[in-house]
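**Q** Quick one: the structure is below, questions incoming.
The values are calculated or read from the model by the stated rules, or taken from the named source; none is laboratory data. Just so we're clear, the structure is a prediction, and the values are computed from it rather than from any experiment. Using ideal geometry, Cβ is built from the backbone for each residue, glycine included, and neighbour counts are taken over all protein chains shown. Remember, those area values only see protein heavy atoms, side chains included, never the ligands or the DNA or RNA. Shrake-Rupley method; radii C 1.70, N 1.55, O 1.52, S 1.80 Å.
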Amino acid sequence: MSEQLIIFDTTLRDGEQSPGASMTKEEKIRIAKQLEKLGVDVIEAGFAAASPGDFAAIKAIAETVKNSTVCSLARANENDVRKAGEAISPAARGRVHTFIATSPIHMKNKLRMNEDQVVEAAVKAVKLALEYTADVEFSAEDAVRSEMDFLVRVFEAVIAAGAKTINVPDTVGYSIPALWGERMRQLIERVSGSNKVIWSTHCHNDLGMAVANSLAAVMGGARQVECTINGLGERAGNASLEEIVMAVKTRRDVFNLDTRIDTTQIMATSKLVSTITGYPVQPNKAVVGANAFSHESGIHQDGVLKHRETYEIMRAEDIGLSTNKIVLGKLSGRNAFRQRVQELGIPVESETELNAAFARFKDLADRKSEIFDEDIQALFSDEAMTHEKEFYQFISLSQASETGERPHSRVVFAEDGKEIVSEGQGNGPVDATVHAIEAQVNSGAELLLFSVNAITTGTESQGEVTMRLSKGGRIVNGTGADPDIVVASAKAYLSALNKLHSKVEKINPQASGTV
């Protein structure tokens, strides 16, 4: 008999700590619904004490999600725990996840507390959380650099206090698999009452080993893995949910574990998180990257054609990719479009939303002969769907670039409904386009990131552009997609400006603490 591996997704909390990835309440709810559809066991919806906005988002998710446990993070203090407990109160299944640092460097330099004080705070937080829910998780922040004897002491104390899940985090991504797996084994062996709790791990990717460390912990006895969609997270990110799940599924001979994850929803979830946060997925990313099921080598192509398993250990269909990528064209009707949207698992809230997306589809089909699944998913990005409501709206663009001449761009866009025509020059067509927009907007923002990805294959592919802007300590990501990469860049820049202009609250979780 195989055991179940609990999948704890922290995209909405730890993933949101990525620069510019903070979300509105509505965006968080949309992702939470998709995580529930994916089959995630625990959704860490946020950090309730971080701000009134995050508190409201967690509470709204708790009211909406029925089939997954909804969790809020809380530092080991009364205010945080009570905020977390109140936020998850409407949930069918709610969890409070409280933490405190246990490494000497954190206790001395950050907490300014001794070991006795840390243990006392941890126990008090767990007991307080039990006033709101029987499902309490405790994390020892920076466990990777904590002394083993002290970890044993803290864990025994919080288990005696009533914690049901014990999480061992590699907060700074410092460990390596052999050591991390052994640390998990030793803790389970040494901690009194270890058989009464679920052991969990939460690994960061600073040395590129978050997934490997997480799986080593599973081999060492952990039965919960904390992870994020696309490996999103602060610094170098977290363990990638899709990689953890597909490793366990593909190597069932090694792990002998099952998950509740519906793997056919992986691609839809990956794309949704990417479009909302503005973080594109690198083409060679494991499982969900554009090249994950592509074969360029002639030897590989020949082998796959003769027998798929010669070079493919997973099927594209298993993660929700269609084997027939070309699905629609300009002669396709509304019903065919609706059916493909449903097959792709794209959530559509209303007929109005579907009709608007269909209009965008027809416009794209006039410029692109073959419409791929990824093109359809891009039509449902937040930038595409909210275009009509935004302060800045792209209308048209013309640009000229010639070898030996300085590129020139003419951009037409709307500012609060008023049409503006602006021109600019630059080192290239994209630079000229940004200068043209800024000539009228004068945002004063600093461009931190300019990233381009092809949504599909071939020179006819839509380009997906991400622009990251910073102003006054606020960081935002804007995305845009179009077969013309310069147009996509203009859309992305205006999208980022809209987020800077928006008064809708987005959380700045970097100031809240971490696990």
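**Q** What number, in nm² with one decimal, is the all-direction average of the projected area of the convex hull of the alpha-carbon atoms of region 216-271? Present the calculation step by step, with values, prior to reporting the outcome.
**A** Details: hull surface 17.0 nm².
For region 216-271, averaging the hull's shadow over all directions gives 4.2 nm².
**Q** For the chain, what's the relative contact order in percent, using C-alpha pairs closer than 8 Å and at least 6 residues apart?
**A** Working: 1095 pairs, mean separation 66.9, N = 515.
Relative CO of the chain lands at 13 percent.
**Q** Points 7 angstrom from Cα along the Cβ direction at Ser396 and Ser350: gap in nanometres?
**A** 3.0
**Q** So if I restrict to the alpha-carbon atoms in region 404-488, what is the Rg, and what is Dmax, the biggest pairwise distance, in Å?
**A** Values for region 404-488 (Cα only, Rg and Dmax): 13.8, 40 Å.
**Q** Find how much the distance from Glu131 to Met148 grows on full extension, using 0.36 nm per residue of separation minus their present alpha carbon separation; answer in nm with one decimal. Intermediate values should be presented prior to the final figure.
**A** On the way: separation 17, 0.36 × 17 = 6.12 nm, distance 2.99 nm.
Using 0.36 nm per residue and subtracting the Cα-Cα distance, I get 3.1 nm.
**Q** Calculate what fraction, in whole %, of the accessible area of region 400-470 sits on carbon and sulfur atoms when a 1.4 Å probe is rolled over the protein chains. It would help to have the intermediate numbers written out before the result.
**A** On the way: 1580 of 3670 Å².
The nonpolar share, carbon plus sulfur, comes to 43 percent.
**Q** Ok, one more. Which Rg and Dmax, in Å, describe the Cα atoms of the chain?
**A** According to the Cα coordinates of the chain, Rg and Dmax are 24.0, 74 Å.
**Q** Let's test the formula: R0 of 25 Å, r as the Cβ-Cβ distance of Ser443 and Arg235. What FRET efficiency results, to the nearest 0.05?
**A** Given R0 = 25 Å and the Cβ-Cβ separation, E is 0.35.
**Q** Also, I was wondering about something else. Suppose the chain between Met113 and Asn77 were pulled fully straight at 0.36 nm per residue; how much longer would it get relative to their current alpha carbon spacing?
**A** So the chain would gain 11.6 nm between Met113 and Asn77.
**Q** Angle between the Cα long axis of helix 351-367 and the longest principal axis of the chain, 0 to 90 degrees, nearest 10?
**A** It works out to around 50 degrees.
**Q** Follow-up question, since we're still on this one. Among the lysines, which fall within straight-line cross-link reach of Lys164, defined as a Cα-Cα distance under 18 Å, with same-chain neighbours fewer than 8 residues apart omitted?
**A** Qualifying lysines at Cα under 18 Å: Lys124, Lys127, Lys196.
**Q** Would you mind working out the magnitude of the charge dipole of region 104-211 relative to its Cα centre, with +1 at each Lys and Arg C-beta and -1 at each Asp and Glu C-beta, to the nearest 20 Debye? Walk me through the numbers on the way to the answer.
**A** On the way: 12 positive and 15 negative charges, 15 e Å.
Rounded to the nearest 20 debye, it is 80 debye.
**Q** Under a 1.4 Å probe, what is the accessible area of region 6-97 per residue, stated in Å²? Numbers along the way, then the final one.
**A** Working: 2430 Å² over 92 residues.
On a per-residue basis, 26 Å².
**Q** Report the antiparallel proportion of the DSSP beta bridges in the chain as a percent, rounded to a multiple of 5. Show your work: numbers first, answer last.
**A** Working: 36 of 74 bridges.
Among the beta bridges of the chain, antiparallel pairing accounts for roughly 50 percent.
**Q** Still on this model: Rounded to the nearest 10 degrees, what's the angle between the helix 241-250 long axis and the longest principal axis of the chain, both from Cα atoms, 0 to 90?
**A** Once rounded, one gets 70 degrees.
**Q** How tilted is helix 266-277 with respect to the longest principal axis of the chain? Cα atoms for both, answer in degrees (0 to 90, nearest 10).
**A** 80
**Q** Determine the calculated [θ] at 222 nm for the chain from helices alone, applying -39500 (n - 2.57) to every DSSP H run no shorter than 4 residues and normalising by the residue count; nearest 500 deg cm²/dmol. Before the final figure, lay out the partial values.
**A** Details: 17 runs with 193 residues, N = 515.
Here the helix-only value at 222 nm equals -11500 deg cm²/dmol.
**Q** Then there is this: How much FRET efficiency would the formula 1/(1 + (r/R0)^6) give for Asp366 and Ile420, where r is the Cβ-Cβ distance and R0 is 30 Å, rounded to 0.05?
**A** Working: r = 26 Å, r/R0 = 0.86.
Rounded to the nearest 0.05, the efficiency is 0.70.
**Q** Using the Kirkwood formula over every pair of different C-alpha atoms, what hydrodynamic radius in Å results for region 40-113? Before the final figure, lay out each step's value.
**A** Numbers: mean 1/r = 0.0794 Å⁻¹.
Hydrodynamic radius (Kirkwood, Cα only) of region 40-113 equals 12.6 Å.
**Q** How many Å² of accessible area per residue for region 139-199, probe 1.4 Å?
**A** Details: 2410 Å² over 61 residues.
For region 139-199, the solvent-accessible area averages 40 Å² per residue.
**Q** Next question, about the same structure. Using a basic spin-label model with each label point 7 Å from the Cα along Cα→Cβ, how many nm lie between Asn427 and Ala160?
**A** Going from the Asn427 label point to the Ala160 one covers 6.3 nm.
**Q** Something else about it: For region 74-227, what % of the accessible area comes from carbon and sulfur atoms, probe 1.4 Å?
**A** Details: 3030 of 6030 Å².
Accessible surface attributable to carbon and sulfur in region 74-227 totals 50 percent.
**Q** Figure the gain on full extension for Lys66 and Leu179 (residue separation times 0.36 nm, minus the Cα-Cα span) and round it to one decimal in nm.
**A** Values: separation 113, 0.36 × 113 = 40.68 nm, distance 3.77 nm.
In short, 36.9 nm is gained.
**Q** Hey, got a sec? Which trypsin sites (Lys or Arg not before Pro) in region 25-75 land in a DSSP loop and have at most 11 other Cβ atoms within 10 Å?
**A** Those satisfying the criteria are Lys66.
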